[in-house]
Structures are given as C-alpha cells and as structure tokens.
Amino acid sequence: MPFLAEALIFLGAALVVVPLCKRMGLSSVLGYLTAGVLIGPAGLSLIGDPAEVLHFAELGVVMLLFVIGLELHPRRLWVMRQLVFGLGTLQVAASALVIGGALLLAGFTFGAAGLIGFSLALSSTAFVLQLLGEQKKLPSPHGRAAFGTLLLQDLAVIPAIAALNLLASGSDDAAGLNPLHLGAIVVGAVLARFLLRPLLGFIAGTGIHELFTAAALALVVGAALAMAGAGLSMGLGAFIAGMMVADSEYRQQLETDINPFKGLLLGLFFMAVGMSVNLQLVTTQPLLIIGLVLALMAAKTAVMIPLGLWYGLPAREAARAALVLSQGGEFAFVLLAAGLAAGLLDGAVADIAVVVVTLSMVLTPLVVALGDRFLARGDRDERPFDTPADDDHRTVIIAGFGRVGQIIGRVLTMQRIPFTALDANPGHVDFVRRFGNETYFGDATRLDVLRAAGIAGARALVVAISNPEAAVQIVRQVKTLYPHVRVLARARTRHHNLELREAGADYVLRDTLLSSLELARDLLTELGHTPARARDAVTRFREHDARTLERQAAVFHDEEAFRQTTLSATEELKQLFEADADVAPPAPSEPR
C-alpha cells in the first residue's frame, strides 16, 4: 500500500476514534490504542505490518525523552529531590521486586522475571500526565507525588534500554561499545554543551521560525543517531541532548517546536501498540488475562500506598497517587521488545505482557474515577501535605523584555515576585540572562509558547512588546482562552490603546504618556508656574484624556462618530484651558 494511503488511514482512524473517546470521558491515549486495534490485524486489517509502524513510531518515545531531558535542569531536580529520588526510587524498586518475585515463584528464569518485573513497575508518563492535566490535578499533592515518581521512572528506563540493546547486539557486535565510540560521545557531548547555545542563537537570529524548528528536530534526531551508532539507545541520546539545553534560554521554544511532532508520533506509537495487541489471548484465555491485569494494578497500588504515607502524603492522597500509577507504561512496550530481541523472553510471554499493560491502561481512568468518588467523602478530614513549590511556576509572565519589560521585571524582583519573561530577540535574551534574569527566547504570539511558559497558572500577563499587531493578537488569544489571567498592556499610540482595550486588556497605558506628563509638569515649573499649579494642569489633562478615550472606545468602529468625538474632545480641552487662563496668574516675565 502506498505510504500516503497508509498515512491517511492512520490520520482518519485517529480523527474518528480519539474524539469519540474524549466525548465518552476517556483519555486520548486509550483512543489511539482503540484506533490501532480497529485498523490492525485484529480488526479491519487495513494495515498489515504493525512491527514496521512501531519501529518508526518509536521516534515519538525518543522525542518524549528529549522533552523530559529539557525538564530536568538542576534546580528543578533539587526542589523535587525527595519525591524523585526518594519516593520514585522506592516505588520502582519495590514494585519490581514484588512482581519479579511472584514471577520467580511461578517458574520464570531470573532474567525474564527481572525484565518483566522492572517493565511492569513503570507507569505511563504520557498517560498519567495527560490524565492529571485534563483533571487539573497536577498541582495537587498526589499529582506532584505522581509526577516525581514518573520522573524517576523515566530516568531509570534509560540505562535499562541501553543494557538491553547491548544484550540484543550479541557478543559479536560488542565492538559497538568500544572505548573509541564512547569517548567520541563524551567529547561530542562536552563540545555540544558549549556550542549548542551559540548555534541556536545564530539560527534564532535569522528570524525564520521554520529554521529554528528544523534545528530542534536536527538536534533530537542527530543525538539519537549518534547514540545508536555507538550501540546504545536512541532515547538515551535524545535525553542527554535535552539535558544539555535544559538551562538555556531556548528551552521553552525547543519544547514548543518539538511538542507537535512528539504528540503525533506518540499517537502513532500508541496506535501501533494497539495494532500489535493479540486479542485472541483475551478471547481464548480471558480469566488468565483479566486476573493478571487485576493482580498488576493491585500489586502496584499496595506498594505505593505505604510509600506515600511514609513520605508524608495524607492517606487519601496516597491512595489517589497509587491508583493513578497502577497501570503499566509505554516504556514497557519498548523494554519488552528489546528483551525479546535479546532472547530473554519468548513471543508468547511478551504478547501476554503487552495485552496486560494495554488493558491496565484501559482500566485506569475508570479506576481513578471510582477512587475519586469514594475518597472525596473524607477529604475535609485530611491534614495538609506540604509539597515543595515548583520553582518553575511563575505568577507573572512578561511578554517582551525591552525597556518597559525590564523596568517591570526589576520592580518585581525587588518585591521577590517570580516572573517569566519572553522575548523574540535572541541577542537581547542572552544579554539580559547574564544578569540573572529568568528570560527565555520565544514568540509570545504563539499560544504553545505561552502555555510552555505557564500561562494557565499565571495570575497576570504583561504585554510589553513593541509590535502593535502582535500585542493585540496576544491579548485577544489570552483573554479568550484564559479569561482569569489579568492582562496589562503597553500601547504605542492612542489608536493602539483602543485596539488593546477592545481585545480585552484589563489595563492599558501608552508608553509615552507618563513620561510626557512628567516632562510637561517640569516644563511648567521652569516657566514660572508653582508646583501645585503645574500638577493641577497635568492632572486636568490626564483626566480629560481618560474621558476622551472612554468615549472613543464606544464608537471605535464608527469612523464618522469617532471623528466627531475627537473634534469635540479637542474643543472641550481648549475650553478647559481657556477657563484656566481666565483665573491664572500673569505669565512670568522672560529673564533678562
């Protein structure tokens, strides 16, 4: 079948099945799995080779690991160290021991039991984060505990994949791990650490956005291929590449550009997994499969609850964290496939494990919903759980960090109010970051960039960019999708002021107004007016200007009415000053 025809089948299945699952209150991941089952050999047989599709779709997992690497800058790991390295490590170790021990008692070899136990101990990062995000539970105690645990799981899977790839390569190919290859990787990583930022800055400086997107893709694919060339995991290369730029000003823009590709390829990955599911196992051995699924979810829940309590989670939050992490994960598919290639598993066992992981994902939303309904009854009696604040969360976002944005940022810094600044000028961003400001390269007109910056959880957005059209676009988008965010905007002109107000800005100020009024007041004082008289004149003008803006805003799109309002405002201002002149003291004489 031609490539384009297959692509159309995948896209069509996703566009039909995934929205239906969302309408039914299920996760999109479940939708992709269902779509894969429908078009695969167990369904309509529209696609004949799921293994080939799965091999290509693993790029989605590679990109997921790159994004995870982007999230792991040292400060964040330090803030969440107890949840990540403490709770996460114990969860993986204890779950792997329980599951692996049960398999050893059932007669499995040590290698097979260890591999399956570790694979099933992992939960689905994509699945859980999407589920918690849809329910807006990520900031909750159990959400943060789940995120920290998933972070450790994602870290733990890297060496596991690398080890399995080495086993799969066989002793004849062990030269793939020779010291020259590894030395080249280390040297390349060190050089990239110092060269990536200047290179990304050069590309960003061209102002051609698609080139920056191409650079992001080239970074991921290049790092993956470099690691694969040394006989190690492509995911490991992408993960290291992400960590190398995790603390750079380009982190958010890189994540924004990679996310659409990551999302599509992960969707394709889940569809390929759905195509690979052997449904005959469910029909021929239903009791065995259902029993294994329930046993897996019960074992992981039983392990997680006491660990959560030990780390200070209230009982009900520990139960919620356990339920949301009770399923198998997408990395189990990768590890099981690698174990099959390494000869640690046979095909029948791997098929059963894949079906068990898939069905555990299917059941998780239902289990979580039932658990929430039961646990919600006693929430009021729970003591609070103090989780460390995520230092990436900013209450204020400043779009545009030029003259206006910098002054606002300095004031916020003096008041110890955290903020995230976005600016599309890479040279400007680099200069400002030298002085310790949290400033990132990014186009604030793009909603995905604003989302990556945390607009959903922000209290206020300051629009301080110099492009009038872009500023109006930002205000309109944010107030439409995030009406709770207060938007304060800088206007270049009077007309721009009216456009921003119409777009929904809560407060607008012309960037020359206050400085002009201050200058006018000082000028009047220099000309001999008393300070009180000068202040009064400036205050009258500002009040009049504000009233005029209100009238003009009401007739902004009526050209004739707008013109008449302007003329009447001019006449009113003239009358005001003429009335002032009637009672004003004589003009000061010129100095001799």
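Coordinate-derived values only; no laboratory data. The shown structure was predicted, so the numbers you read here are calculated from the model rather than taken from an experiment. Neighbour counts are summed over all protein chains in view; Cβ atoms, including those assigned to glycine, are modelled from backbone coordinates with ideal geometry.
The residues packed around Gly235, meaning those with a beta-carbon under 10 Å from its beta-carbon, carry a net charge of -2 if Lys and Arg are +1 and Asp and Glu are -1.
Fully extending the segment from Ala214 to His484 would add 93.7 nm, taking 0.36 nm per residue of separation and subtracting the current Cα-Cα distance. Inverting the pair-averaged 1/r between distinct Cα atoms of region 278-331 gives 12.3 Å as its Kirkwood hydrodynamic radius.
Round to the nearest 0.05 the FRET efficiency obtained for Asp346 and Leu20 when R0 = 22 Å and r is the Cβ-Cβ distance.
Approximately 0.05, to the nearest 0.05.
Taking 7 Å steps out from each Cα toward its Cβ at Ala5 and Phe110 produces label points 5.2 nm apart. May I ask you to derive the FRET efficiency for Ala532 and Phe374 from their Cβ-Cβ distance with R0 = 45 Å, giving the value to the nearest 0.05? Step by step, r from the Cβ atoms, then E = 0.05. Remark on region 216-362: Rg and Dmax equal 18.8, 55 Å (Cα only).
One equal scatterer on each Cα of region 299-379, no solvent, Debye formula: the resulting log10 I(q)/I(0) at q = 0.14 Å⁻¹ is -0.57.
Taking amide H positions as modeled 1.01 Å from N, with prolines and chain starts lacking one, the residues under 5 Å from Val487 and 5 or more places away or on another chain are Leu461, Asp506, Tyr507. For a straight C-alpha distance cut-off of 22 angstrom, the lysines reachable from Lys262 (same-chain residues fewer than eight places away being disregarded) are Lys22, Lys136. Translational diffusion coefficient of region 406-541 at 25 °C, 0.890 mPa s, Stokes-Einstein with Kirkwood Rh over Cα pairs, in µm²/s as a whole number. Translational D for this selection: 147 µm²/s. Taking 0.36 nm per residue of separation and subtracting the current Cα-Cα distance, fully stretching the chain between Arg547 and Ala102 would add 152.5 nm. Note on Leu195 and Met414: the model spin-label points, each 7 Å out from Cα along the C-beta direction, lie 4.5 nm apart.
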